[in-house]
């Protein structure tokens, strides 16, 4: 993973901690994270320890993850938050395309 990946990981930390905080503000205790394989690819061991949630891989989630309180999942609509890294991946892809474009000089 290059520099773009470290940017994604930084944004991922913010995204996950925000979702956890929002659930806690609702009086819930998030304890699990369901992740797609693409999302899992960006979860480092250090990040996994930092969030301190039990992680399950669900193929159908792709680049998304669901952070939830397992006691209320399926009972309360607000018991989970779905997040995605897809916008970050698309942004990284566009930045790569822009870098490859020839420079236009004004003469």
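The values are calculated or read from the model by the stated rules, or taken from the named source; none is laboratory data. What you see is a predicted model; the values in this text were computed from it and never measured. Heads up, the Cβs are rebuilt from the backbone with ideal geometry, glycines too, and the neighbour counts pull from every protein chain shown.
Structure values in brief
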{"read-out": "Any hit, segment 72-81, residues being in contact with a helix residue (DSSP H, G or I) (Cβ under 7 Å, 6 or more places away or on another chain) and closer than 22 Å to residue 8 by Cα", "value": "yes"}
{"read-out": "Options 43, 73; residue that is outside any helix (DSSP H, G or I), over 12 Å from the mean Cα position of the chain (by Cα), surrounded by 13 or more Cβ atoms within 10 Å (Cβ to Cβ) and modelled with pLDDT under 90", "value": "73"}
{"read-out": "Pair list, Cβ under 6 Å, 6 or more apart: segment 1-17 residue assigned to a helix (DSSP H, G or I), other residue surrounded by 13 or more Cβ atoms within 10 Å (Cβ to Cβ) and modelled with pLDDT under 65", "value": "4/92"}
{"read-out": "Segment 46-57: number of residues that are over 16 Å from residue 81 (Cβ atoms) and assigned to a helix (DSSP H, G or I)", "value": "5"}
{"read-out": "Test: residue 60 is part of a helix (DSSP H, G or I) and either over 15 Å from residue 84 (Cβ atoms) or modelled with pLDDT under 95 (or both)", "value": "no"}
{"read-out": "So residue 36, is it touching a residue at least 24 places away in the same chain (Cβ under 8 Å) and over 16 Å from residue 79 (Cα atoms)", "value": "yes"}
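Yes/no matrix, rows are residues, columns are (1) within 10 Å of the chain's Cα centre (by Cα); (2) surrounded by 11 or more Cβ atoms within 10 Å (Cβ to Cβ); (3) modelled with pLDDT of 90 or more:
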| site | (1), (2), (3) |
| --- | --- |
| 20 | no, yes, yes |
| 30 | no, yes, yes |
| 55 | no, yes, yes |
| 80 | no, yes, yes |
| 89 | no, yes, no |
| 101 | no, no, no |
